[in-house]
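The values are calculated or read from the model by the stated rules, or taken from the named source; none is laboratory data. Fair warning: this is a prediction, and the values are worked out from it, not measured in the lab. Here the Cβ positions follow ideal geometry from the backbone for every residue, glycine too, while neighbour counts run over all protein chains shown.
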């Protein structure tokens, strides 16, 4: 994910000050090319917070959708049918077999949850967050 970087000038004191007191000092008392003027700094901070909020929601939805896809009934049915062909649960009706296979699938999913979050969910979240920030920046640059 992108991070705000320090520039040679026009930095937003609300983003770079180490604490509230220094942010207010820079916002209200420092003048010059180093920092943005107070109203511009506030407007930029507001726009960035709104973009962060929208990107966060988009990223959470993408991460949730990625996890939900693991429980897609058609995908599970295909997976379970492959399991039934191996003969592990012969003699049971399909709903009972599928339920046992689902429980096994859930147990495996739960065991892989931490790795799955780190490798899949966090990656999907970061990609969706960054994409939404870029999309909003393009809209802002286009004046929308």
Exercise for the section: Say whether the condition of being closer than 30 Å to residue 136 by Cα and modelled with pLDDT under 85 is met by at least one residue in the stretch 70-78. Expected result: yes
Completion exercise
Requiring at least 3 residues that are under 22 Å from residue 139 (Cβ atoms) and in contact with a helix residue (DSSP H, G or I) (Cβ under 6 Å, 6 or more places away or on another chain), the helices (runs of 4 or more DSSP H) wholly within the stretch 12-69 are 38-69
Handout entry: Condition met for residue 80 (part of a helix (DSSP H, G or I) and without any contact (Cβ under 8 Å) to a residue 40 or more places away in the chain)
Key = yes
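Every residue, every condition in (1) under 30 Å from residue 13 (Cβ atoms); (2) at pLDDT 85 or above; (3) not assigned by TED's automatic domain parsing to the domain that holds residue 12, yes or no:
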site	(1), (2), (3)
47	yes, yes, yes
58	yes, yes, yes
62	no, yes, yes
98	no, no, yes
123	no, yes, yes
134	yes, yes, yes
Handout entry: Some residue of the stretch 25-43 being exposed (fewer than 12 other Cβ atoms within 10 Å of the Cβ), on the phi > 0 side of the Ramachandran plot and modelled with pLDDT under 90
Key = yes
